[in-house]
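Accompanying notes for the structure given below.
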Amino acid sequence: MDILSQMQRYIPQTPTQAKAKAILLAAWQKDGEKLLSRQAEAAHFTASALILNPTMDKMLMVHHNIYQSWAWTGGHCDGETRPLQTAMREAREETGIR
């Protein structure tokens, strides 16, 4: 399923989520697939991965050198139309996990 279909099918659980959905759909209407790259002026899509241990009580974090902080893995879609693929690519790049 493409990202636009996912956004359209998403059912917000709160007014804040409903507002975010409307904003994202309006941005898509204006900029389309440019949102999947860094070309869109106002916003662009990113994807993150939460890497958990088998018992799901610990999460792998990586140190972000630019911001000098710890974070979960993730990054810009850079043209990828499937956020899951972006999240997996970033997890591999930032951790070396296969």
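Assorted remarks:
- The C-alpha atoms of the chain define a longest principal axis, and helix 83-95 lies at about 30 degrees to it.
- Based on protein heavy atoms only, the chain ends up with 75 Å² per residue of surface accessible to a 1.4 Å probe.
- Surface share of carbon and sulfur [accessible, 1.4 angstrom probe, percent] for the chain: 57 percent
- Mean separation of Cα pairs under 8 Å and 6 or more residues apart, divided by the residue count, gives the stretch 5-90 a relative contact order of 24 percent.
- Between helix 15-31 and the chain there is an angle of about 70 degrees, using the helix long axis and the longest principal axis of the Cα atoms.
- Taking only the C-alpha atoms of the chain, Rg followed by Dmax gives 15.2, 43 Å.
- Cα-only Debye scattering, the stretch 58-98: base-10 log of I(q)/I(0) at q = 0.13, 0.18, 0.29, 0.30 Å⁻¹: -0.28, -0.52, -1.03, -1.06
- If the chain linking A20 and S48 were pulled fully straight, counting 0.36 nm for each residue of separation and taking away their Cα-Cα distance, it would gain 8.3 nm.
- Mean residue ellipticity, 222 nm, helices only, the chain: the sum of -39500 (n - 2.57) across DSSP H runs of n ≥ 4, divided by residue count and rounded to 500, is -12000 deg cm²/dmol.
- Rounded to the nearest whole Hz, the Karplus-based 3J(HN,Hα) values (6.51 cos²θ - 1.76 cosθ + 1.60, θ = phi - 60°) of the stretch 64-75 follow the sequence 8, 5, 5, 8, 6, 8, 9, 7, 7, 6, x, x, with x at glycine and proline.
- Stretching the chain fully between M88 and K30 yields a gain of 18.1 nm (0.36 nm per residue, less the alpha carbon separation).
- Lysine pair count for the chain (Cα-Cα distance under 23 Å; residues 8 or more apart in sequence or on different chains): 4.
The values are calculated or read from the model by the stated rules, or taken from the named source; none is laboratory data. The model shown is predicted, which means the values in this text are computed figures rather than measured ones. Side chains are part of the model used for accessible areas, which takes the heavy atoms of the whole protein and leaves out ligands, DNA and RNA. Shrake-Rupley method; radii C 1.70, N 1.55, O 1.52, S 1.80 Å.
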